[in-house]
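So the structure is just underneath, and the comments pick up after that.
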Amino acid sequence: MIVSARNHLAAVSAGAIAANVIPHLAHGVTGKPFPTPFANPPGVGDSSPALNIVWAGMNAVGAGLVVFTERRRASTPAFVLSFALGATVAALGLRSYFGQVRGQR
């Protein structure tokens, strides 16, 4: 089965979206406010824990839909590695961004 650049982009995107589920779900479940795109200002101000759970769910559905559209290739090593790469790069970027927003290093 041939994996195209579009398939790799889909896998990387799904991994990046999936990585964004973790901080929002963790803060929502623990009852802590955390920035979401719905905050004021977006991505900087805090949103309620409930809104973070909703945002985590939206991200999970988004990642799931991308994987579903690529379901024929989702079990290939190339797809899995691209997904993992997207998740790792996104997690590092999220860590850096939210560290700055929170005034941490």
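None of the figures in this text is laboratory data; all of them are computed from the coordinates on show. From a predicted model like this one, the values you see are computed outputs, not experimental measurements. Cβ: placed from backbone, ideal geometry, glycine included. Neighbour counts: every protein chain shown.
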Worksheet item: Efficiency by 1/(1 + (r/R0)^6): what FRET value for ARG102 and VAL61, r their Cβ-Cβ distance, R0 = 22 Å, to the nearest 0.05?
Response: 0.25
Practice prompt. Label region 1-41 by shape, choosing from rounded, prolate and oblate, from the square roots a ≥ b ≥ c of the eigenvalues of the Cα gyration tensor; if a/c is under 1.5 it is rounded, and otherwise prolate applies when a/b is larger than b/c, oblate when it is not.
Written response: oblate
Response to the item:
Expressed in nanometres to one decimal, the distance between label points 7 Å along Cα→Cβ at ILE22 and ALA84 is 1.4
Worksheet item: With labels modelled as points extended 7 Å from the Cα through the Cβ direction, what inter-label distance (nm, one decimal) is found for VAL29 paired with LEU94?
Response: 1.3
Worksheet item: Once phi is turned into θ = phi - 60°, what whole-Hz ³J(HN,Hα) does the Karplus curve with 6.51, -1.76 and 1.60 give for every residue of region 88-95, x standing for Gly and Pro?
Response: 5, 5, 5, 4, 5, x, 5, 4
Worksheet item: When Lys and Arg each count +1 and Asp and Glu each count -1, what net charge do the other residues less than 14 Å away from ALA10, Cβ to Cβ, add up to?
Response: +3
Worksheet item: For helix 49-69, what angle does its Cα long axis make with the longest principal axis of the chain, in degrees from 0 to 90 and rounded to 10?
Response: 10
Worksheet item: What order do you get for 13-26, 74-87, 32-45 when each peptide is scored by the mean count of other beta carbon atoms within 10 Å, highest first?
Response: 13-26, 74-87, 32-45
Worksheet item: If you count, for each residue, the other Cβ atoms within 10 Å and average over each peptide, how do 5-11, 52-58 line up from highest to lowest?
Response: 52-58, 5-11
Worksheet, complete the sentence: Relative contact order as a percentage, region 3-59, C-alpha pairs under 8 Å and 6+ apart, gives 33
Worksheet entry | Cα gyration tensor shape of the chain, rounded if a/c is under 1.5, else prolate or oblate by comparing a/b with b/c | prolate
